[in-house]
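Participant: Can you keep this structure in mind? I'll have questions shortly.
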Amino acid sequence: MRSLEDVKVRIKCLGCRTNIYEAEAIADSFRNEGAIIANGDEFDVGVLVSCAVTKTAEKKCRQALRRMQRKSPQAITVLCGCYVQGRPDEDLLHLGADLYVGNRLKAELTNIVANMIKGRIKKPLILKTDVLHDERWDSLRLSKVSFHTRSFVKVQDGCDSFCSYCIVPFLRGRPISRDMQEVIDEVERLVSQGCKEVVLTGVHLGLYGSGCDFDLGDLVKSLAKIKGLKRLRFGSIEPLALDDKLLRLLAESEIFCRHLHIPLQSGDDGILGLMRRGYKAKDFANIIENVRCYLGDDVHVSTDIIVGFPGESERAFENTLTLIDNLGIGRVHVFPFSPRKGTKAYSMPERLDKRELESRMDRAINLGRKLLQRFARRWVGQSIEILVEHCDGARVKGLSRHYLEVEADIDRRPKEPRGCLEGQIVGLERQIYVTKAEHGILHGVSSET
């Protein structure tokens, strides 16, 4: 008998795409031991995959853990990931969870929970390792997707860039890459289960293969050979990783989707220097120009910017807005500067006051909306392909290859029952004729039956 037969497990994930993969893989490991992945309020084990990239993220983690504890007071509650890694043990114990598991140890979680249920391990338990010196790969595996139509596949962990504002290297450790054959095997398993789109994720994806005899381009070439895999994406990639060799391979790939999320953070040289980003605004602009040379003018480049970094003047802020406008950026993720203890920027002077920070956030978000709408409008009057994620029998929703949300009416045959399509085309590709774009979302009609 499997160790967790019929145990109901509720899993919640906060944060990045790497966390999403880990949550999926944790669900898979529980399922392999006989557990039932629960979506409701009744569960025997609650697992929260946490984020700590900002103070706001940490606050959301504490709130989510409390909600989980209130919904099922008798359940074993597990907090894992970055929040655990970044907090002293005494702070963690005040949260009242039964098990705390840091990074690079999540593969051990299922076995620990099984032994905790059987009374072999006492509660509470804190399990952490020194990620800055621990070079092990957290051997999570994924064979079936629980929460998404497309599959996130983690291939890399850690970062050694140590940008002045970023706590992530201290939480995730130094760079480490997953064995390439292991990645290929996992993607083949997912495709055999019906998955058609894979998103490669990592803390610093461009460092995949660093110190090894393979690199990210080699992985892309290998995955492109998998029969049945229709789409391949990157979760996010740093600008300096986009060299000619990689871009050439992406351009040659029939399955790589024409979208890259490339974090900018600031468009001002002075702020970029303080951030220790390793490039200037002109360098970033040249990289984006090179991306378009290889992937075409219609490639969707999305980005992140940080507003209110210490020392950011009005002119520096305007330089950022001007740059993302001039570069034709599509989606923009806007974050306020969040001081993280232990980083270089934590003690930097000249922080913005709350009112000015909120004003600049509003301006950046509003510009981001305009830029996304501007990019979306170019697809009006064209036929595009989506991967269907939702269908109610009358409408479908999904993502285009250029990473735009799409909603479309289904032009059904008169005698075709409304319910016959529900659930049957989710996960399939479908052609959509785009009639309009609103708020960055494409709307249209599908005439396929």
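Participant: I'd like to know if region 298-306 contains one or more residues that are touching a residue at least 40 places away in the same chain (Cβ under 8 Å), acidic (Asp, Glu), in contact with a strand residue (DSSP E or B) (Cβ under 8 Å, 6 or more places away or on another chain) and within 25 Å of Arg363 (Cβ to Cβ). Explain how you work it out, then say what you get.
Facilitator: Going residue by residue through region 298-306, those that are touching a residue at least 40 places away in the same chain (Cβ under 8 Å) are 298-306.
Checking which are acidic (Asp, Glu) leaves us with 298, 304.
Add one more test, that the residue is in contact with a strand residue (DSSP E or B) (Cβ under 8 Å, 6 or more places away or on another chain), and what stays is 304.
Add one more test, that the residue is within 25 Å of Arg363 (Cβ to Cβ), and what stays is 304.
Within region 298-306 (the criterion being touching a residue at least 40 places away in the same chain (Cβ under 8 Å), acidic (Asp, Glu), in contact with a strand residue (DSSP E or B) (Cβ under 8 Å, 6 or more places away or on another chain) and within 25 Å of Arg363 (Cβ to Cβ)), the answer is yes, since at least one residue qualifies.
Participant: A further question follows. Any residue at all in region 200-211 that is assigned to a helix (DSSP H, G or I), out of contact with any strand residue (DSSP E or B) (no Cβ under 8 Å at 6 or more places or on another chain) and of a type outside the set (A, V, I, L, M, F, W, C)? Quick ask: steps written out before the conclusion?
Facilitator: Our first condition is that a residue be assigned to a helix (DSSP H, G or I); within region 200-211, this holds for 205-207.
With out of contact with any strand residue (DSSP E or B) (no Cβ under 8 Å at 6 or more places or on another chain) added as a condition, the list becomes 206.
Then drop every residue that is not of a type outside the set (A, V, I, L, M, F, W, C), which leaves 206.
So far as region 200-211 goes, yes, one or more of its residues are assigned to a helix (DSSP H, G or I), out of contact with any strand residue (DSSP E or B) (no Cβ under 8 Å at 6 or more places or on another chain) and of a type outside the set (A, V, I, L, M, F, W, C).
Participant: Shifting gears a bit: Being outside any helix (DSSP H, G or I), within 15 Å of Ser400 (Cα to Cα) and not hydrophobic (A, V, I, L, M, F, W, C) is the filter here, so list the residues in region 343-384 that pass it. Spell out how you get there, then give the answer.
Facilitator: Our first condition is that a residue be outside any helix (DSSP H, G or I); within region 343-384, this holds for 343, 348-353, 378-384.
Okay, now just the ones that are also within 15 Å of Ser400 (Cα to Cα), so 378-384.
Arg378, Gly381, Gln382, Ser383, listed by residue number.
Participant: Okay, next question. Considering only residues of region 312-357 that are charged (D, E, K, R) and in contact with a Cys (Cβ under 9 Å, 6 or more places away or on another chain), which is surrounded by the fewest Cβ atoms within 10 Å (Cβ to Cβ)? Before the answer, list the steps.
Facilitator: So the first thing to find is which residues in region 312-357 are charged (D, E, K, R), and the list is 312, 314-315, 318, 325, 331, 340-341, 344, 350-351, 353-356.
Still in the list and also in contact with a Cys (Cβ under 9 Å, 6 or more places away or on another chain): 340, 344.
On the way: Arg340: 21, Lys344: 15.
It comes out as Lys344.
Participant: State yes or no: is Cys61 over 18 Å from Asp28 (Cα atoms), crowded, with 18+ Cβ neighbours inside 10 Å and either touching a residue at least 24 places away in the same chain (Cβ under 8 Å) or of a type outside the set (Ser, Thr, Tyr) (or both)? It would help to see each step written out before you state the result.
Facilitator: Values: over 18 Å from Asp28 (Cα atoms): yes; crowded, with 18+ Cβ neighbours inside 10 Å: yes; either touching a residue at least 24 places away in the same chain (Cβ under 8 Å) or of a type outside the set (Ser, Thr, Tyr) (or both): yes.
Here the answer is yes, as Cys61 does meet what is asked.
Participant: Can you find a residue in region 321-336 that is in a helix (DSSP H, G or I), in contact with a Leu (Cβ under 6 Å, 6 or more places away or on another chain) and within 25 Å of Ser164 (Cβ to Cβ)? Quick ask: steps written out before the conclusion?
Facilitator: Within region 321-336, the first condition is being in a helix (DSSP H, G or I), and the residues that meet it are 321-326.
The next check asks that each one be in contact with a Leu (Cβ under 6 Å, 6 or more places away or on another chain); those that pass are 321.
Remaining after also requiring within 25 Å of Ser164 (Cβ to Cβ): 321.
Scanning region 321-336, I find at least one residue that is in a helix (DSSP H, G or I), in contact with a Leu (Cβ under 6 Å, 6 or more places away or on another chain) and within 25 Å of Ser164 (Cβ to Cβ), so the answer is yes.
Participant: Looking at region 390-426, which of the residues that are in contact with a Gly (Cβ under 7 Å, 6 or more places away or on another chain) and at pLDDT below 80 is surrounded by the most Cβ atoms within 10 Å (Cβ to Cβ)?
Facilitator: Looking at the filtered set, the residue picked out is Leu421.
Participant: So, restricting to helices (runs of 4 or more DSSP H) that lie completely within region 1-108, which ones have at least 2 residues that are farther than 22 Å from Cys159 by Cα? Before you say what the answer is, go through the steps one by one.
Facilitator: Details: elements: 17-32, 55-71, 82-86, 89-93.
Fully inside region 1-108 and qualifying: 17-32, 55-71, 89-93.
The values are calculated or read from the model by the stated rules, or taken from the named source; none is laboratory data. Worth saying up front: this structure is predicted, and the values here are computed from it rather than measured. FYI the Cβ positions are ideal-geometry reconstructions off the backbone, even for glycines, and counts take in every protein chain you see.
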